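This report concerns only the one structure given below.
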């Protein structure tokens with residue numbers, strides 16, 4: 001049965017990362033987790049006839065490790081070659097921009113200005129933009145915060161030159177620090193968010209997951225979920241990989 005191919009234990013265990021508010025969030029520490037990834041997990045479980053058991057984690061790195069450790073069956077991840085081990089990715093369902101914030105008086109005006117000696121970039125450890133910048137940055141230095149939410153506070157506390165994050169998180173952080181920071185308008189990367197299936201499962205499950213994601217995009221399900229949860233700036237990914 002297809003459900004068993006996805007979830008050998010009989011329940012669909014899903015890693016839900018609340019470190020990226022575009023995907024999922026919790027309004028208070030004891031409240032329910034909501035978001036587009038929660039909606040997709042529940043819809044997949046409904047179609048497979050499986051109950052969904054969420055494993056809520058605070059970072060993308062923790063979500064990846066939970067899948068590699070066999071704790072979950074599916075998850076929601078940015079596609080990155082460093083994450084390929086242990087995870088089979090679906091096509092992306094949304095695209096998110098990676099952006100930079102700098103002090104208002106900074107001479108840095110474009111992403112190309114950032115990679116130079118003496119520039120220190122705050123990033124969230126093991127995030128998609130951390131993995132990307134680790135490969136791409138040649139002269140600047142990356143300084144890692146424990147979570148994406150800690151990036152701007154760490155940048156300000158340590159007087160770093162740049163904060164890298166998903167654009168939506170920076171747009172939340174800047175008003176909290178009025179007059180101190182500004183966004184560099186041009187994004188430095190496009191983050192392709194996909195569903196992931198534990199490697200080693202029946203290929204039929206991977207094919208079903210890919211078709212499911214394509215249907216969720218084409219039917220308007222993803223767009224409606226983004227609107228319902230008040231997410232702005234994230235684009236539904238086009239058809240295909």
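Table for the structure above
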item: Only listed residue being surrounded by 15 or more Cβ atoms within 10 Å (Cβ to Cβ) and under 19 Å from the mean Cα position of the chain (by Cα), chosen from 174, 197, 183; result: 197
item: Matching residues, segment 7-37, being outside any loop (DSSP other than H, G, I, E, B) and touching a strand residue (DSSP E or B) at 6+ places or on another chain (Cβ under 6 Å); result: 12, 13, 14, 15, 16, 17, 26, 33, 37
item: Near pairs, Cβ below 7 angstrom, 6+ apart or cross-chain, from segment 126-142 (on the phi < 0 side of the Ramachandran plot and modelled with pLDDT of 95 or more) to any residue that is surrounded by fewer than 18 Cβ atoms within 10 Å (Cβ to Cβ) and in a loop (DSSP other than H, G, I, E, B); result: 137/115; 138/115; 139/115; 139/116; 139/117; 140/115; 140/116
item: Hey, residue 159 more than 18 Å from the chain's Cα centre (by Cα), modelled with pLDDT under 95 and either surrounded by fewer than 19 Cβ atoms within 10 Å (Cβ to Cβ) or more than 23 Å from residue 41 (Cβ to Cβ) (or both) or not; result: no
item: Residue count, segment 81-107 (criterion: in a loop (DSSP other than H, G, I, E, B) and farther than 24 Å from residue 158 by Cβ); result: 3
item: Some residue of segment 85-93 being within 23 Å of residue 144 (Cα to Cα) and either touching a helix residue (DSSP H, G or I) at 6+ places or on another chain (Cβ under 8 Å) or outside the structural domain of residue 7 (by TED's automatic domain parsing) (or both); result: yes
item: Leading residue by the ranking (nearest to residue 103 (Cα to Cα)) among those in segment 181-207 that are without any contact (Cβ under 8 Å) to a residue 24 or more places away in the chain and in a loop (DSSP other than H, G, I, E, B); result: 185
item: Residue within segment 102-119 that is in contact with a strand residue (DSSP E or B) (Cβ under 7 Å, 6 or more places away or on another chain) and under 22 Å from residue 25 (Cβ atoms) present; result: no
item: Search result, residues across segment 72-102 that are surrounded by fewer than 18 Cβ atoms within 10 Å (Cβ to Cβ) and either at pLDDT 95 or above or closer than 30 Å to residue 219 by Cα (or both); result: 81, 84, 86, 95
item: Answer from 152, 213 - the residue that is free of Cβ contacts under 8 Å to residues at least 60 places away in the same chain, crowded, with 19+ Cβ neighbours inside 10 Å and assigned to a helix (DSSP H, G or I); result: 152
item: Residue count for segment 38-51, restricted to those that are in contact with a strand residue (DSSP E or B) (Cβ under 6 Å, 6 or more places away or on another chain) and either outside the structural domain of residue 208 (by TED's automatic domain parsing) or over 15 Å from residue 93 (Cβ atoms) (or both); result: 2
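The values are calculated or read from the model by the stated rules, or taken from the named source; none is laboratory data. Here the structure is a predicted model, which is why all the values come from computation and not from measurement. For neighbour counting, all protein chains shown are included, and Cβ atoms are generated from backbone atoms with ideal geometry for every residue, glycine included.
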